1. Looking at the stretch 223-240, is at least one residue closer than 20 Å to Asp187 by Cβ and not in a helix (DSSP H, G or I)?
2. State all residues of the stretch 186-207 that are in a helix (DSSP H, G or I), crowded, with 22+ Cβ neighbours inside 10 Å and either among the charged types (D, E, K, R) or in contact with a Ser or Thr (Cβ under 8 Å, 6 or more places away or on another chain) (or both); if no residue qualifies, say none.
3. Restricting attention to the stretch 27-47, which residues are more than 16 Å from Phe229 (Cα to Cα) and more than 20 Å from the chain's Cα centre (by Cα)?
4. Looking at (1) farther than 23 Å from Arg96 by Cα; (2) of a type in the set (A, V, I, L, M, F, W, C); (3) crowded, with 20+ Cβ neighbours inside 10 Å, which is the one condition that is false for Ala134?
5. Going by what's in this entry, would Val91 be described as in contact with a Pro (Cβ under 6 Å, 6 or more places away or on another chain), β-branched (Val, Ile, Thr) and modelled with pLDDT of 95 or more?
6. Say we look at the stretch 118-130 and pick out the residues that are buried (at least 24 other Cβ atoms within 10 Å of the Cβ) and of a type in the set (A, V, I, L, M, F, W, C); which of these is farthest from the chain's Cα centre (by Cα)?
7. Please go through the stretch 140-170 and pick out each residue that is in a helix (DSSP H, G or I) and without any contact (Cβ under 8 Å) to a residue 24 or more places away in the chain.
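The values are calculated or read from the model by the stated rules, or taken from the named source; none is laboratory data. Please read all numbers here as calculations on a predicted model, not as lab measurements. Please note: Cβ atoms are built from the backbone with ideal geometry, for glycine as well, and neighbour counts cover all protein chains shown.
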Amino acid sequence: MLGYSTISAGYSALEAAFQATWAGQGVTFTNSFGASGTQAQDVVSGQPADVVNFSLIPDMNTVVNAGLVPRNWQTNKISAAENGFVADSAVVLVVRKGNPLNITVWSNLTDSGVQIVTPDPISSGSAKWNLLAAYEYEILIGKRTQVAHTFLNKVVGNTVAEPSSGSKALSTFLAGTGNVLLAYESDAQEALAKGAAIQIVYPQQNILIQTPAPLTNSGSSNPSAVAFFKYLFSPAGQAILVVQDYRSTLPSKKSSLNKAFYDPSKLITISAMGGWSKVWSQFFGTTGLFTRIENAHGFTS
């Protein structure tokens, strides 16, 4: 099993539960979790994996284009109802306990004295979701694209650390760096449940994080991997992910399983933005907006 960094606890719970089922008797797991983009490159370089769960579609495309995952992975018979997404999440603003800077909305990220921690968008899928969510905040409240550009430039200007992955960004923040962390809802909730001295701010404008998970070619020929993959998309597997603070992608269970999750007043999807091909070119390509902004502030080369 290979996945993006912050979902490691979720898979620990899923694997333990699966091993307690008849299909999981005697099945063992070897796991690798890290920054989504780096993980995708590692698979292409030869890292063995039967099931992969990346943070976003472009990282999945890396392994698909290398011929390691079928191009029809989103429409296979096992997970077609979920379109290949095993879990959903959203971006939240994590602050110190007591919220000393009174961070309540996205626009507060550009306030004087705000020091932001967010992962490195070169390696991290979480970072890309964070930047998109911040940019789309301005669009969702009716601002022009140039206003959104200016806002993102100020957000990156207030960023003091860009660790390589979402989990490392959380560790960096908990160790004392910065006073606002941009993170997955699931990761923040897990930290809070473990007693971290933080508070979570839930923005009313957000983006739906959709994390893809297929079988690789090797996994498709491994009966144990196929059985585990089916379990991921089963009501039992989805319920475990919800306990781990991920939003279910199982259509028949969304209403009953996701009762505890906050509901943004405006929630955009990548599809509504024109799809990943357009989004990637516009924001993350070599001349994309986010690439230019990151370079201007010295975060990328």
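1. Step one: filter the stretch 223-240 for residues closer than 20 Å to Asp187 by Cβ, giving 232, 237-240.
Narrowing the set further to residues that are not in a helix (DSSP H, G or I) leaves none.
No, the conditions are met nowhere in the stretch 223-240.
2. Once the filter is applied, which keeps residues that are in a helix (DSSP H, G or I), crowded, with 22+ Cβ neighbours inside 10 Å and either among the charged types (D, E, K, R) or in contact with a Ser or Thr (Cβ under 8 Å, 6 or more places away or on another chain) (or both), the stretch 186-207 yields Ser186, Asp187.
3. Val44, Ser45, Gly46, Gln47
4. Of the numbered conditions (1) farther than 23 Å from Arg96 by Cα; (2) of a type in the set (A, V, I, L, M, F, W, C); (3) crowded, with 20+ Cβ neighbours inside 10 Å, the odd one out for Ala134 is (1).
5. On the way: in contact with a Pro (Cβ under 6 Å, 6 or more places away or on another chain): no; β-branched (Val, Ile, Thr): yes; modelled with pLDDT of 95 or more: yes.
So Val91 does not fit the description; no.
6. That would be Ala127.
7. Pass one, the stretch 140-170, residues in a helix (DSSP H, G or I): 140, 145-157, 166-170.
Selection gives Thr145, Gln146, Val147, Ala148, Thr150.
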